[in-house]
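Colleague: Once you've had a glance at the structure underneath, I'll fire off some questions.
The values are calculated or read from the model by the stated rules, or taken from the named source; none is laboratory data. Given the structure is predicted, the values throughout are model-derived calculations rather than measurements. Note that each Cβ is placed from the backbone with ideal geometry, even for glycine, and that neighbours are counted across all protein chains shown. Only protein heavy atoms, including side chains, enter the accessible area calculation; ligands, DNA and RNA are left aside. Shrake-Rupley method; radii C 1.70, N 1.55, O 1.52, S 1.80 Å.
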Amino acid sequence: MSFYTIDSLTFSFAKECKLFQNISIEIEENQHIGLIGPNGCGKTTLVKLMLGILKAKEGAIYLEGKNINDISLSKVGKTVGYVFQNPDKQLFCPTVWEQMNFSYKFGGNADQGGINDKIHYYLEVFDLMKYRDSSPLELSRGEKQRLALASVLARDVKFLILDEPTTGLDILRKKQLEKCLMTLKEEGKGYMIISHEGKFLTSFVDKLLTLGPKGVESN
Amino acid sequence: MKKFDPRTRIIIVFLISSAALMIRQLAPLLSLLLLTLILCKLFSIPLLGSIKKLKKLWYFFFVLALVQSIFTSGGETLVSIGSFRLLTTLGLQSGISIITRMSIIIYSALIIASAPPLEIVYGLIAMKLPYEIAFMVLLAMKFLPLIKEEFSDSIIAVQLAGADLDKIPMKRKLSLYTYILTPSVIKALHRARYISLSMECRGFRAYPSRTNYCKLKMKRADYMAMLATAVCLLIITV
């Protein structure tokens, strides 16, 4: 059984115009996937379907063998970490520290000692420690992107979906992200990255998928 | 469908909603609802679709009508528990009146809401409303769905961060909602600031008056629609 199974998925926002048709993909838990495609081809929509934010009308998506429509968003969130394309949509806590701690506080995880170390580590990695008591809304675009990444990486999830994670990152932070991706690879964790940066993707993924109106092509 | 002047829509909605607030008897209110539905059809508003979209609001109105029915005494008793009169004819009439009145107001508001927002602004300016206030109306109309969108995005983010909203105890849930609500409002205010900045960058309020590319002109159909509505309202109220 694959971690993710996308079976004959077709999706459209309007009845007349199908965004993509008949997509079938199998993703393993420790696989590293890259997803590319032109603007507006439905990359983020596909991810939203994979997370259960949007519901598929034709075809089905299975997460660990269960239909995604039958799993609550919070349960999906405990298994799959998602970095939004727009970090503003992901940051909702009053302080940076609380944003990092949110999943542990409301997600039902114990052992606060170990958690604090983990949060410290990721805040240091993404150079956000000095903002720990600041509001995420006061950060710059790049800093928000780093916080969104750090808050997802700090969580113990099986699989990660990163929607254009390099947007707004400078060279140094991009290198740090690359380091984190290497660590994830070493830990045997899988991820899927949506990006327009072909060079970045080819270095960090095992399989590159191209999304188009007729479906997905594997490169 | 004939394209009506935005002023026609505004005047018709003003007439209908004022009448809905003034009429007290049930029979004229029901006639007014019928007139509103006919006008909605005339302005090509999908009635069934809007009922589905406002599903939660109808539930609220239904509860409101139920409470009103129970707490209005008078008339013959329809349902009673012992000596307590639970539902009377007057209470039932009052409950139906509330639902009817709210339906009239909502459907008449859809006549304006279904028009392109900028047209309504032009209509308000043509009715001698200062253009600053007319644009404020436009922004307010645009902002309600934006705040809703911000809030639902935050709810999705919260759930994807692992919080199960159905299982969290009420006290924690309330603190969670304050977590979400505050940044949603701040984000909406940020957007408002950017919109006002971009409007000012394009010369908004640089001069006391503002010229418009679109010139509005009332046609015969507009006068006919307004006159027909006024006549029907007269017949209903008298």
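Colleague: Per the Kirkwood formula on distinct C-alpha pairs, the Rh of the stretch A:58-160 is how many angstrom? Working shown, then result.
Modeller: Details: mean 1/r = 0.0691 Å⁻¹.
14.5 Å is the Kirkwood radius here.
Colleague: What percentages, rounded to whole numbers, describe P(r) for chain B computed over all alpha carbon pairs with 5 Å bin width beginning at zero?
Modeller: Over chain B, the share of Cα pairs per 5 Å bin runs 1, 5, 10, 11, 12, 13, 13, 12, 10, 7, 4, 2, 1, 0, 0 percent.
Colleague: How much solvent-accessible surface does A:HIS196 expose, in Å² to the nearest 10, with a 1.4 Å probe and all protein chains in place?
Modeller: We get 100 Å² for A:HIS196.
Colleague: Given 25 °C and 0.890 mPa s, how large is the Stokes-Einstein diffusion coefficient of the protein assembly as shown in µm²/s, with Rh as the Kirkwood radius over Cα pairs?
Modeller: Answer from the Stokes-Einstein relation: 93 µm²/s.
Colleague: Taking the Cα centre of the protein assembly as shown as origin, work out the dipole magnitude from +1 charges on Lys and Arg Cβ and -1 charges on Asp and Glu Cβ, in debye rounded to 20.
Modeller: Taking the Cα centre of the protein assembly as shown as origin, the dipole is about 1840 debye.
Colleague: With every protein chain left in place and a probe of 1.4 Å, what is the accessible surface of B:ILE38, to the nearest 10 Å²?
Modeller: Looks like 100 Å² after rounding.
Colleague: Quick one: accessible area per residue over the protein assembly as shown, 1.4 Å probe, rounded to a whole number of Å²?
Modeller: 54
Colleague: Under the Karplus relation 6.51 cos²θ - 1.76 cosθ + 1.60, θ = phi - 60°, what is the ordered set of whole-Hz ³J(HN,Hα) values for the stretch A:149-156, x standing for Gly and Pro?
Modeller: 5, 4, 5, 7, 5, 6, 8, 8
Colleague: Now for a separate question. Anyone know which of B:GLY162, B:GLY91, B:GLY49 comes out most mobile in the 10 Å Cα GNM of chain B?
Modeller: Comparing B:GLY162, B:GLY91, B:GLY49 in a Gaussian network model of chain B, the most mobile one is B:GLY162.
Colleague: Right, something else. Starting from the Cα of B:LEU189, move 7 Å in the Cα-to-Cβ direction to define the label point; list residues of the stretch A:85-101 whose amide nitrogen is under 19 Å from there.
Modeller: The answer is A:88-89, A:91-96.
Colleague: State, as an integer percentage, the relative contact order of chain A based on alpha-carbon contacts under 8 Å between residues 6 or more apart.
Modeller: Relative contact order for chain A comes out at 29 percent.
Colleague: Moving to a separate point now. Set Lys and Arg Cβ to +1 and Asp and Glu Cβ to -1, take the dipole of the stretch A:94-219 about its Cα centre, and tell me which of A:LEU172, A:GLY212, A:VAL96 lies farthest positive.
Modeller: Comparing the listed Cα positions along the dipole, A:GLY212 ranks first.
Colleague: Let me ask you something else. With the crude spin-label approximation of a point 7 Å out along Cα→Cβ, what separation in nm comes out for B:ILE45 versus B:TYR59?
Modeller: For B:ILE45 paired with B:TYR59, the spin-label model returns 2.3 nm.
Colleague: Normalise the Cα radius of gyration of the stretch B:117-206 by 2.2 N^0.38 Å (N = residues in it) and let me know the number.
Modeller: Cα-based Rg divided by the globular estimate yields 1.48.
Colleague: Per the 1.4 Å probe, what fraction of the accessible area of the protein assembly as shown, in percent, lies on carbon and sulfur atoms?
Modeller: Its accessible area is 62 percent carbon and sulfur atoms.
Colleague: Compute the separation of the alpha-carbon centres of the stretch B:109-127 and the stretch B:3-32 and state it in Å as a whole number.
Modeller: Their Cα centres are 16 Å away from one another.
Colleague: Between A:GLU29 and B:LYS148, what is the FRET efficiency for a Förster distance of 25 Å, r being their Cβ-Cβ separation, to the nearest 0.05?
Modeller: Efficiency computed from Cβ-Cβ geometry: 0.10.
Colleague: I'd like to know which of B:SER103, B:SER198, B:PHE71 lies farthest towards the positive end of the charge dipole of chain B, counting +1 on Cβ of Lys and Arg and -1 on Cβ of Asp and Glu.
Modeller: The one lying farthest along the dipole's positive direction is B:SER198.
Colleague: Which percentage, to the nearest 5, of the DSSP beta bridges contained in the protein assembly as shown is antiparallel?
Modeller: Antiparallel: roughly 55 percent of the beta bridges in the protein assembly as shown.
Colleague: Then there is this: Given a 1.4 Å probe and the protein chains all in place, what does the accessible area of B:LEU30 round to, in Å² to the nearest 10?
Modeller: Around 80 Å² of this residue is reachable by solvent.
Colleague: Which whole number gives the average, over all residues in B:140-146, of C-beta atoms from other chains lying within 10 Å of the residue C-beta?
Modeller: Working: counts 0, 0, 0, 0, 0, 0, 0.
Counting other chains' Cβ atoms within 10 Å and averaging over B:140-146 gives 0.
Colleague: With +1 assigned to the C-beta of every Lys and Arg and -1 to the C-beta of every Asp and Glu, and no other charges, what is the dipole magnitude of the stretch B:185-238 about the Cα centre in debye, to the nearest 20?
Modeller: Dipole magnitude for the stretch B:185-238 comes out near 280 debye.
Colleague: Heavy atoms only, 1.4 Å probe, whole protein assembly: order B:PHE143, A:PHE92 by accessible area, highest first.
Modeller: B:PHE143, A:PHE92
Colleague: What does the charge dipole of the stretch B:117-206 about its Cα centre add up to, to the nearest 20 debye, if the Cβ of each Lys and Arg holds +1 and the Cβ of each Asp and Glu holds -1?
Modeller: 220
Colleague: Considering only A:LEU19, A:GLY198, A:SER74, whose Cα is most displaced toward the positive end of the charge dipole of chain A, charges sitting on Cβ of Lys, Arg (+1) and Asp, Glu (-1)?
Modeller: My answer, from the dipole projection, is A:LEU19.
Colleague: A further question on this structure: Arrange the residues B:TYR223, B:TYR213, B:TYR131 by how much accessible surface each exposes, largest first, with a 1.4 angstrom probe.
Modeller: Values: B:TYR223 130, B:TYR213 220, B:TYR131 15 Å².
Correct descending sequence by accessible area is B:TYR213, B:TYR223, B:TYR131.
Colleague: On each of the three principal axes of the Cα atoms of chain A, give max minus min coordinate, whole Å, ordered largest first.
Modeller: 49, 36, 34
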